Structures are given as C-alpha cells and as structure tokens.
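Working notes, structure below.
The values are calculated or read from the model by the stated rules, or taken from the named source; none is laboratory data. These numbers were taken from a predicted model, which means no experiment stands behind them. So basically every Cβ, Gly included, is an ideal-geometry build from the backbone, and we count neighbours across all protein chains shown. We work out accessible area using only protein heavy atoms, side chains counted, and drop any ligands, DNA or RNA first. Shrake-Rupley method; radii C 1.70, N 1.55, O 1.52, S 1.80 Å.
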Amino acid sequence: LFIALCHFSKKEEDLAKEKIREAYLLNPKRILDPKIFPPPFVDFFQKSIKGFSGIQKTRIEIHAIPPFARVYLNGFRMGMTPLVIKEWPEGKIHLKITADDYEEWNSEILLGKDQKNRIEATLTPLKNPTWLLHSPLRGLCRLCGQIRL
C-alpha cells in the first residue's frame with residue numbers, strides 16, 4: 001500500500017490502483033487507518049476497491065485439531081478455528097495455523113468456486129511443550145533421566 005501511496009502522490013493513479021489491487025488480493029478485509037494514510041489516499045483506496053467487484057470470491061472453512069488455533073491468511077491474522085470466511089478472492093493463498101505447544105501448520109492452497117474450500121488441519125504436539133518449562137517441579141530426575149513434573 002505504501003508503493004500505491006507513492007504512485008498516488010505522483011499522480012500515477014493507474015499504477016496506484018494496480019498496487020491497491022495486489023494488496024486487496026492479499027487481504028480483502030484490509031481497511032486503511034486515517035492516522036497513517038492521508039485522507040485523499042483513503043478515499044482513492046475505498047473507490048478503487050469498490051471497482052474490484054468483478055473479482056471472483058469464494059467461501060473458506062478452516063478447522064483444526066486442536067480447536068481455537070490461530071489462523072493467518074497471507075500473513076494476516078484472521079481469527080481462530082473453527083473459522084468461516086464468507087467471501088475471499090479466488091486464487092492461491094498461504095495458510096498458517098498455530099497453537100501453543102504445537103508445531104506450526106503451513107500450506108499453499110488454491111481456492112476456487114468449484115472447490116470445497118474446507119481445510120482441516122491436524123497440528124502435531126511439540127515433544128517438549130512450554131508448560132513443562134514453567135512447571136515449579138520441573139527438571140530431570142538424576143536417577144532415571146526422565147522429566148520430573
């Protein structure tokens with residue numbers, strides 16, 4: 001968006017609109033903070049995204065084990081599982097799902113109108129969960145070498 005702002009400030013509106021379109025495809029839920037962006041650019045941004053109505057959108061359902069895992073689409077935090085997004089632009093996305101004491105789950109997914117777009121991720125538990133590090137009695141048993149809880 002900052003590149004779009006640069007083009008906008010040089011009165012290169014076509015280039016600015018193309019950069020806004022690229023940003024929109026990454027995160028169509030994005031809104032501009034008027035404390036960061038000047039009001040004329042915020043207006044231009046809002047008018048530009050209204051013109052993207054021809055972009056095909058689809059529904060996404062994201063489920064994970066364990067539930068209530070954090071969901072990131074194209075690097076933006078979108079919420080927690082189970083998550084339903086009613087409208088998201090078709091195309092390739094990067095999906096990341098995280099939860100404390102589990103390995104991060106990552107995938108590139110191609111979304112399409114004719115596809116189910118239901119993602120079910122099973123995260124793998126960490127071998128040494130963080131709660132062990134914070135246990136008041138933690139440590140290794142000197143006799144057997146096992147973790148003492």
Expressed per residue, the solvent accessible area of the chain in Å² (1.4 Å probe) is about 69 Å²
The percentage of the accessible area of the chain (probe 1.4 Å, all protein chains present) made up of carbon and sulfur atoms, to the nearest whole number, is 55 percent
So residue 120 and residue 107, fully extended at 0.36 nm per residue minus their Cα-Cα distance, gain in nm 3.6 nm
Excluding residues fewer than 8 positions from residue 113 in its own chain, the lysines with Cα under 27 Å of it are 17, 19, 29, 47, 50, 57, 86, 92, 96
For the residue 21, residue 77 Cβ pair and Förster radius 30 Å, calculated FRET efficiency rounded to 0.05 is 0.85
Expressed in angstrom and ordered largest first, the alpha-carbon extents of the stretch 70-123 along the principal axes are 35, 18, 16
Note to self, the chain gives a 222 nm [θ] from helices alone (DSSP H runs n ≥ 4, -39500 (n - 2.57) apiece, / all residues, nearest 500) of -7500 deg cm²/dmol
With 0.36 nm assigned to each residue of separation and the Cα-Cα distance removed, residue 46 to residue 127 gains 24.4 nm
Filtering trypsin sites (Lys or Arg not before Pro) in the stretch 1-90 by DSSP loop and by at most 16 other Cβ atoms within 10 Å leaves 10, 11, 29, 30, 35
Note: residue 92 to residue 2 extended length (0.36 nm per residue) minus current alpha-carbon separation gives 30.1 nm
